[in-house]
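Read through the structure below, which is laid out as structure tokens, and then see the notes.
The values are calculated or read from the model by the stated rules, or taken from the named source; none is laboratory data. These figures come from a predicted structure and were not determined experimentally. So basically every Cβ, Gly included, is an ideal-geometry build from the backbone, and we count neighbours across all protein chains shown.
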Amino acid sequence: MSMNRREFMQLLAAAAAAGLALDNRQALAGEHSDTFYDLPAFGNVSLLHITDCHAQLLPVYFREPNINIGIGDNRNQPPHLVGEYLLKHFGIPAHSRDAYAFTSLGFTAAAHAYGKVGGFAHLATLIRRIRASRPEALLLDGGDTWQGSGTSLWTHGQDMVDAAKLLGVDIMTGHWEFTYGADRVMQLVNNDLKGHIDFVAQNIHTKDFGDPVFQPYVMRTINSVPVAIIGQAFPYTPIANPRYMIPDWSFGIHEDNLQSVINEARGKGAQVVVLLSHNGMDVDLKLASRVTGLDAILGGHTHDGVPSPTLVRNSGGTTLVTNAGSNSKFLGVLDFDVRHGKVTDFRYKLLPIFANLLPADADMAALITRMRAPYEARLGEKLAVTEDLLYRRGNFNGTFDQLILDALMADKDAEIAFSPGFRWGTSLLPGEAVTMEHLMDQTAITYPQTTLNNMTGATIKSIMEDVCDNLFNADPYKQQGGDMVRVGGLQYTCDPNQTVGKRISNLTLRGKPLDPAKTYKVAGWAPVNEGATGEAVWDVVGRYLRDKKVIRIDRLNQPTLLGMAGNEGITGA
Amino acid sequence: MNLPRRNFLQRATLFTAAAAAFGSGLLKSAGAWAAATWNVQAFTAKTASDAYSRSGYANAVNSSDIVLKLPEIAEDGSVVPVQASSNIPGTTSMAIFVPDNPNPLIADFTFLNGAEPFIATRIKMAKTSSVQIMAKADGKVYMTSKSIKVTAGGCGG
């Protein structure tokens, strides 16, 4: 990356603000870099866990949220701790590699110091190292693997299926996989995955007779210990994503069916039973308190990088609940000591993947190069240069969302814009070129149409209330795991502790109250209903970026929050 | 997925259509249906309390012996699957109420001659509401309920 003097001064200032010791070479190179991945083997049953990589095959920057509010019983509990609160809770030193991996604190400076994260070639090297001391370990993939990049979209998930097979994934479940449509999913499951990767889901049934669509679980033997891995796909796929893509399948949490599957696996001799889950962590925490017989829930969906598991008591014992982040930034390693037929002890470590600490695996690097070759020119197009940090993740608008909203309002001549609160999408540092690849990382979905609708003020408020309830309903089973819809043009106040219909207030447009009866032009994208014909969002935003050339986010449109005093899910940085 | 069952039933549908042409004599209970009167006052009630009293389900007491199976969030508010059974001895009828629907009484099932009190159907819900299952046994009314969310969707993930 080239850097002009102004950027370099900004970097120095940011680094100083973050407290980095710039004269300390070890701080910039990374402390203990030669021993960072030493993880002594423990016990006799090891499970490696990746989740929500969102098709990120190459190393990226990914800024964790500075707003991840927990309400009700989840207030100030993992995963709803950010920044310094997360560091304190998990005993992570400030300004360390782990602080960079798990928080947004001093992000730009830390990113310059510690570099990019993830990448399948680097992940492959780490998996091989961990497997050297745990030869029978299973590699589990919690899903959201086939979607999130230009190449995954253009190959209909083929690049990710091939990469996951080479990585050695044994068992997976899914969510965004289903947005390629039921036919493509079954084609891949019944052909490419067959004999390599078991696709498991206890909670997907046919709509007509309730027949299982996938095998609910698989039994494997690790060091002579029978282990059952049960699959839990994202329960609300037909609601959060287009129903028409999976018209014949019904999802849901299905606690009672899960309990039957656990009992069946135990009955067949399983000594370790694990749920590979795409529920989201709040849902998993509730589920763990209500079903018995699970040793662990290895979770994903909510993209929470949680350094150590939450131990949940239930009437049958204790269940570990983990969440392993996103964007191939982490590898979870769970070691169980199983004696006399049951788990007696465990160790867990969520290892961040630092690309500059792990050499690229040659075979994986070659596969990625081969897969990307037909698309390199398109991916590499430089659309603009950003002067500000661009990111998405967080409960409310991120800077890249603001860019999309600004582009939609300008292109469609709309006074208000909505953009979905997806939790995927990588980060760009100040001074970086924004390429078509970066834009696809934020937008690569199979229903990318832009929309322009006339909506009354009352409709706008009800949409915002509806989405806000999916984020902040006090009952985790009624949450869907995305973030708040990103809003352009409108200012508002949000009170997360309220109930649906009462969280959103003070809606104003250019300083005037939004009139419930008046009609407004609202731009958006990612319609879940069939038949939309609008121009793809990457074309609209791409045109805006080429036109602007230099991107500055002068104003990040975030709501005024109420009732959040003392909430450790919010930090400034 | 059990494809043979689906294929079989597609063929069975043709057979059923043919059988229907033979006339209605196949269904012995047809006479019983005709005898049951449509409780217009109960089914057109606009409030839950009117619906309870007009259908004879007022003053229900909560019971964990009614087992209700419902999704947490409706995948489609126009066809929400509801399944319920009663473990209360002597259950003679079960009804479904959705208090926030324009007409709260959805269905009322009568079990004759000791038929198993088990119901499974799909209901239409206007918006987020509780779903109440009531059961009558020995002149008393019992109830269980669960809230179900009806949402516009989108924006997840």
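Figures for the structure shown
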{"item": "Contacts under 8 angstrom Cβ, first residue in the stretch A:263-278 being under 13 Å from A:V200 (Cβ atoms), partner outside any loop (DSSP other than H, G, I, E, B) and of a type in the set (S, T, N, Q), 6 or more apart", "result": "A:L275/A:Q232; A:L276/A:Q232; A:S277/A:Q232; A:H278/A:Q232"}
{"item": "Any hit, the stretch A:518-526, residues being in contact with an Asp or Glu (Cβ under 8 Å, 6 or more places away or on another chain), at pLDDT 95 or above, in the same structural domain as A:M409 (by TED's automatic domain parsing) and more than 30 Å from A:T386 (Cα to Cα)", "result": "yes"}
{"item": "Residue satisfying condition, being in contact with a strand residue (DSSP E or B) (Cβ under 6 Å, 6 or more places away or on another chain) and within 30 Å of A:R486 (Cα to Cα), within set B:S147, B:S129", "result": "B:S147"}
{"item": "Checking B:S49 against (1) of a type in the set (G, A, S); (2) away from chain A (no Cβ under 13 Å); (3) in contact (Cβ under 8 Å) with a residue 12 or more places away in the chain, the condition it does not meet", "result": "(3)"}
{"item": "Checking A:T533 against (1) within 14 Å of chain B (Cβ to nearest Cβ); (2) over 27 Å from the mean Cα position of the chain (by Cα); (3) β-branched (V, I, T), the condition it does not meet", "result": "(1)"}
{"item": "Flag if A:T435 is β-branched (V, I, T) and either touching a helix residue (DSSP H, G or I) at 6+ places or on another chain (Cβ under 9 Å) or surrounded by 24 or more Cβ atoms within 10 Å (Cβ to Cβ) (or both)", "result": "yes"}
{"item": "Residues within the stretch A:460-498 that are among the hydroxyl-bearing types (S, T, Y) and at the interface with chain B (Cβ under 10 Å from one of its Cβ atoms), tallied", "result": "2"}
{"item": "Which listed residue is farther than 15 Å from A:F62 by Cα, among the aliphatic types (A, V, I, L, M) and not assigned by TED's automatic domain parsing to the domain that holds A:V537, from A:A373, A:A384, A:A414", "result": "A:A373"}
{"item": "Where a residue in the stretch A:411-439 is within 14 Å of another protein chain (Cβ to nearest Cβ) and its partner, wherever it lies, is at pLDDT below 95 and not in a strand (DSSP E or B), with Cβ under 6 Å and at least six apart", "result": "A:P420/B:C155; A:G421/A:G482; A:G421/B:C155; A:F422/B:G157"}
{"item": "Flag if A:P79 is buried (at least 22 other Cβ atoms within 10 Å of the Cβ) and either under 25 Å from A:N470 (Cα atoms) or not assigned by TED's automatic domain parsing to the domain that holds A:G325 (or both)", "result": "yes"}
{"item": "Those strands (runs of 3 or more DSSP E) lying entirely in the stretch A:135-245 with at least 1 residues acidic (D, E) and crowded, with 22+ Cβ neighbours inside 10 Å", "result": "A:138-141"}
{"item": "Qualifying residues in the stretch A:246-271 (those that are within 13 Å of chain B (Cβ to nearest Cβ) and part of a loop (DSSP other than H, G, I, E, B)) - the one nearest to A:Y447 (Cα to Cα)", "result": "A:I246"}
{"item": "Residue list for the stretch B:77-122, restricted to those being within 14 Å of chain A (Cβ to nearest Cβ), assigned to a loop (DSSP other than H, G, I, E, B) and either aromatic (F, W, Y) or more than 12 Å from B:I148 (Cβ to Cβ) (or both)", "result": "B:S78, B:V79"}
{"item": "Residue match in the stretch A:468-480 (condition: charged (D, E, K, R), over 26 Å from the mean Cα position of the chain (by Cα) and either in the same structural domain as A:D411 (by TED's automatic domain parsing) or on the phi > 0 side of the Ramachandran plot (or both))", "result": "no"}
{"item": "Selection count, the stretch A:39-60, where residues are farther than 16 Å from A:I130 by Cβ and surrounded by fewer than 24 Cβ atoms within 10 Å (Cβ to Cβ)", "result": "2"}
{"item": "Any hit, the stretch B:37-44, residues being touching a helix residue (DSSP H, G or I) at 6+ places or on another chain (Cβ under 7 Å), over 30 Å from A:N279 (Cα atoms), free of Cβ contacts under 8 Å to residues at least 24 places away in the same chain and not basic (K, R)", "result": "yes"}
{"item": "Residue among A:F400, A:F346 that is assigned to a helix (DSSP H, G or I) and among the aromatic types (F, W, Y)", "result": "A:F400"}
{"item": "Residue within the stretch A:363-382 that is more than 14 Å from chain B (Cβ to nearest Cβ) and assigned to a strand (DSSP E or B) present", "result": "yes"}
{"item": "Residues located in the stretch B:78-95, provided they are under 14 Å from A:G252 (Cα atoms) and either aliphatic (A, V, I, L, M) or crowded, with 19+ Cβ neighbours inside 10 Å (or both)", "result": "B:V80, B:V82"}
{"item": "Number of positions in the stretch A:479-494 that are modelled with pLDDT of 95 or more, surrounded by 20 or more Cβ atoms within 10 Å (Cβ to Cβ) and out of contact with any Cys (no Cβ under 7 Å at 6 or more places or on another chain)", "result": "7"}
{"item": "Top-ranked residue in the stretch B:142-157 [being of a type in the set (S, T, N, Q) and touching a helix residue (DSSP H, G or I) at 6+ places or on another chain (Cβ under 9 Å); ranked as nearest to the other protein chains (Cβ to nearest Cβ)]", "result": "B:T151"}
{"item": "Condition broken by B:P71, with the remaining ones in (1) surrounded by 15 or more Cβ atoms within 10 Å (Cβ to Cβ); (2) over 30 Å from A:G481 (Cβ atoms) satisfied", "result": "(2)"}
{"item": "Residues satisfying the stated conditions in the stretch A:54-105, i.e. assigned to a loop (DSSP other than H, G, I, E, B) and over 21 Å from the mean Cα position of the chain (by Cα)", "result": "A:G91, A:I92, A:P93, A:A94, A:H95, A:S96"}
{"item": "Any hit, the stretch B:132-141, residues being touching a residue at least 24 places away in the same chain (Cβ under 8 Å) and within 14 Å of chain A (Cβ to nearest Cβ)", "result": "no"}
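So that you can scan it fast, the table gives a plain yes or no per residue for (1) in contact with a Ser or Thr (Cβ under 7 Å, 6 or more places away or on another chain); (2) surrounded by 19 or more Cβ atoms within 10 Å (Cβ to Cβ):
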{"position": "A:L509", "(1), (2)": "no, no"}
{"position": "A:T519", "(1), (2)": "yes, no"}
{"position": "A:A532", "(1), (2)": "yes, no"}
{"position": "A:V550", "(1), (2)": "no, no"}
{"position": "A:I553", "(1), (2)": "yes, yes"}
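For (1) surrounded by 15 or more Cβ atoms within 10 Å (Cβ to Cβ); (2) touching a Ser or Thr at 6+ places or on another chain (Cβ under 9 Å); (3) within 24 Å of A:K478 (Cα to Cα); (4) away from chain A (no Cβ under 14 Å), each residue gets a yes or a no:
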| position | (1), (2), (3), (4) |
| --- | --- |
| B:T37 | no, no, no, yes |
| B:V40 | no, no, no, yes |
| B:I66 | yes, yes, yes, yes |
| B:E75 | yes, yes, yes, no |
